[in-house]
Structures are given as C-alpha cells and as structure tokens.
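Visitor: The structure's right below; bear with me while I get my questions together.
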Amino acid sequence: KVFMNTLKYLQNNEFLLDVDLWRLFANLEELNKISLHFLKTFFETVKKHISKSDSPMDFSSVLRMFFQGDLCQTHQIYCLNYTSAVFYLEKLRQREDFGIYLKQWCEQNEQCKRLHLPELLVAPLHRLTRYPLLLNNIWKRSTDETEKSSIQSLKEKVEKSIRDLEGKVKWLDNFQKFRQLQEVIIWPQVWDRDKRFFVPECLKQNLRENSSENILSSVNRLLLHEGRLMLAESTRLLDVYLFLFDDFLLITKIKRNKKKYGGSDTSLIPVCPSLTPELQSFIREGGFCTVLDQPIPLDRLILKNVEPIQVTVFSLRNAFLIQHENRYGQCIAVFLLQAQTETAKKAWMSQIETAISNYTTQHETKKSTAFCFPVESSEI
C-alpha cells in the first residue's frame, strides 16, 4: 500500500501519469478490504467466545461466509495478474523517474522494512496458499463432527481453487513466454536463408504473407528445454541457441546487433521473468535469435552420440549429432553440436530422447483412437 498510495499521490501531482496502476497492483485495494474484514470477523468470533464462555464458538458460519464468498475469488484475480505485473514492473524499472519513485519515495519508508516491490507483490500469493493450513489447524482442534465435516469441505474447495489457479497461472506464464519468444526469434525469408532459392521482387510480397512466426502463437505448445551450444561448420564454430518444444526442435543463430531484423530495437523489449537468466541477459544486451534452418519435427529427428575419438582431429568435445529426415527417410540436414560440458551434453540428449518418446506415444494414441471401430451392439 505504501507503493500504491505513493504512486497515486505522484499521479495526482502530474508525475508518472503514463504508469498503469491496475497493471502493477490489480485489485489490491479490494483484496486488502476483504482480507481485513475476514480477519476482524474471525477475531470478533473468538472474543465473543472468551467473554461468554458458555456460548459455542461458531467458526463454521464465519469460514463459510468468506471462503464460499469473495475471499478466494479476489485472491485469484490478483494472482492471475501477478506474472503480468512483474513483467510490466521489469520494463518500468529501466526508467530513471520510476527508479526515483521506488528508491527515494517508497523503499526508504520504515513500513517497507527494506523490502522491494517485487518481494511485496508476491505476498498475496503466499497468503492464499496458507489458507488450507489455517483451515486444517481449525479442523484438528474442532470437537464437533458436523463442524469438522463442514471445515473439511471448505478446505477441499480452497485446495481445488488453488489447483485451478495454478493451471491458469501456468497457462498465462506460457503465453507471456511465447509472446516474448515471438519478439526475439527472427524467421528470415527462404531466399535470405539460402541463396540457391531465387524469387523475383514482384513475387516476394506474396510469399511474405505466409509468415513462419505464427508457429509460436499456439497456446498449447510447450517449451521443454533451451540453451546455448556450438555448431560445427567446415571452418569455424558457430554460436547457436536451441529451443526444444514438445513437437519440434528449433536451431537459431545468436545475433548481438542492437537492431532487430525489421528495424525495431530489442533492447527496449521488457524481459519475461519466466525465461532463463541466460536468455534474459542476452535480450537485455539487445540480442536476438535468427532461425538457422526449418524446424525439425520430433518424428523426423534422429539423435546420435559422438564419441570423443571420432572428433578428436577437429578438436571437438562433448559433441552429438542431430539428423533431420524428410517423410521418405532421406537425410536433408545434419547438425554437429558441441556442449560446454559432458553433463550439459547428456542433459540435452536426455531431454531430446524424452521429448521424442512422449511425442511418438502421444501420436500413436491419437492414431489408434482415430482408427478404432465402435463396439458392436449386443442387440445386432
């Protein structure tokens, strides 16, 4: 509230007017109001019982009123906005005026106890996960069977609410991550990638309409593993960054230019907190990833280990081979990759093997379901 009320004060005095209060704090005021009301009502019940020891302590009605009411719902609204808020805050912290607001106007306040805004924004998430513990402690100490049953039912509902929320948060987190990847992964046109393909200028516009960037727009796709490797070429080692998705592998070249393919400045892009620290740092430096070759579907990918003795002459270590086959079983591309350590190499090979296995199993199940016949009726 220190940060929120200070920002309101500054905006009333025409400072930081472009900062979106909702994107940072969401429904924090409503959440505070309901949480405080719950707390007061809860302790009023305890005080009444202490002052009139002969009266029963009616916890059930208080708990039902809040946990079947707005308490969990308001937490859910806040929590669903949390990832977006952290993402937005990361962008704002790059500004000098916003930095002054954080450090000089808010963080020096004694009420903050030296905590920074990111540490405070996460607090309501932690509170929501503690509610089942509170309900469980009350259930343990309750002696009335009817009350125990009611509290147990509430506890199960709150736990289900948290599980549902976790699923939604993961979906939103994945959505934010893929939106960021769309910004930093560049898909060059086929004639730029390979000079063998000649396309007259008058036809290029028609081909550009079939954008490859839409590949990363699927909300159901998952990023399983990623990281930096070296790609062995005939005369040099190329710095590459690999993205292993649940249906294909993407090999990209690392570019450190300040200007993105197409002219925009990637150093101004806010960095999604769920990306790996390595990629976050890389993006902040203004880097981006240019697709080296077409995506390799997992059912067309052949993975081969390379023994040290096989590549000693090329001074390669921790190497493995990726082979891309077409639908006719013909090899159309080969990539000789080198990891920094033997452990990293094993991790990559394990991740790829697991992804291929899961993809194959999933699609075999779909095929068997599609081709199975309905059970014949006993009446026929």
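Visitor: Taking amide H positions as placed in the peptide plane 1.01 Å from N, state which residues far from His225 in sequence (5 or more) or on other chains have amide H under 5 Å from it.
Guide: HN-HN under 5 Å from His225: Leu244.
Visitor: Just to confirm the number: angle between the C-alpha axis of helix 123-141 and the first principal axis of the chain, 0 to 90 degrees, nearest 10?
Guide: Between helix and principal axis, roughly 50 degrees.
Visitor: In degrees between 0 and 90, to the nearest 10, how far off the longest principal axis of the chain does helix 71-92 point, with axes built from Cα atoms?
Guide: Approximately 50 degrees, to the nearest 10.
Visitor: Also, I was wondering about something else. Using the Karplus curve 6.51 cos²θ - 1.76 cosθ + 1.60 with θ = phi - 60°, work out ³J(HN,Hα) for each residue of region 248-253 in order, rounded to whole Hz, and write x for Gly and Pro.
Guide: 7, 10, 10, 10, 10, 8
Visitor: Over the chain, with a Gaussian network built from C-alpha contacts below 10 Å, which listed residue (Cys79, Cys331, Cys106) shows the highest mean-square fluctuation?
Guide: Most flexible of the set in this elastic network: Cys331.
Visitor: Could you work out Rg/(2.2 N^0.38 Å) for the chain, with Rg from alpha carbons only?
Guide: Numbers: Rg = 28.0 Å, N = 380, 2.2 N^0.38 = 21.0 Å.
Against the empirical 2.2 N^0.38 Å value, I get 1.33 for the chain.
Visitor: How big is D for region 1-184, in µm² s⁻¹ as a whole number, if Stokes-Einstein is applied with the Kirkwood radius of its Cα pairs at 10 °C and 1.306 mPa s?
Guide: Working: Rh = 18.9 Å.
Translational D for this selection: 84 µm²/s.
Visitor: What does the helix-only formula give at 222 nm for the chain: each DSSP H stretch with n ≥ 4 adding -39500 (n - 2.57), the total divided by the residues, and the result rounded to the nearest 500 deg cm²/dmol?
Guide: On the way: 14 runs with 194 residues, N = 380.
Calculated at 222 nm, the ellipticity per residue is -16500 deg cm²/dmol.
Visitor: Got a number for carbon plus sulfur as a percent of region 1-91's accessible area, 1.4 Å probe?
Guide: Numbers: 2860 of 5190 Å².
Taking all protein chains in place, region 1-91 shows 55 percent carbon and sulfur surface.
Visitor: Also, I was wondering about something else. Computed FRET efficiency, Cβ-Cβ of Asp18 and Arg236, R0 45 Å: what is it to the nearest 0.05? The partial results should precede the final answer.
Guide: Values: r = 46 Å, r/R0 = 1.03.
Calculated value: 0.45.
Visitor: Could you pull out the trypsin sites (Lys or Arg not before Pro) across region 174-256 that fall in loop regions by DSSP (anything but H, G, I, E, B) with no more than 10 other Cβ atoms inside 10 Å?
Guide: Numbers: sites: Lys177, Arg179, Arg193, Lys195, Arg196, Lys204, Arg208, Arg221, Arg228, Arg236, Lys253, Lys255, Arg256; in loops: Lys195, Arg196, Arg221, Arg236, Arg256.
Sparse-neighbourhood loop trypsin sites (Lys or Arg not before Pro): Lys195, Arg196, Arg236, Arg256.
Visitor: While we're on this one: Working out 0.36 nm times the residue gap between Glu107 and Ser51, then minus their Cα-Cα distance, what length gain in nm do you get to one decimal? Before the final figure, lay out each step's value.
Guide: Working: separation 56, 0.36 × 56 = 20.16 nm, distance 4.20 nm.
So the extension gain works out to 16.0 nm.
Visitor: Per residue, what accessible area does the chain have, given a 1.4 Å probe and all protein chains present, in Å²? Write down the numbers at each step before the final one.
Guide: Details: 23220 Å² over 380 residues.
Heavy-atom accessible area per residue stands at 61 Å².
The values are calculated or read from the model by the stated rules, or taken from the named source; none is laboratory data. The structure displayed is predicted, hence computed values, not measured ones. Reconstructed Cβ throughout: ideal geometry from the backbone, glycine too, with neighbour counts over all protein chains shown. The protein model used for the area step is the full one, side chains on, heavy atoms only, and it has no ligands, DNA or RNA in it. Shrake-Rupley method; radii C 1.70, N 1.55, O 1.52, S 1.80 Å.
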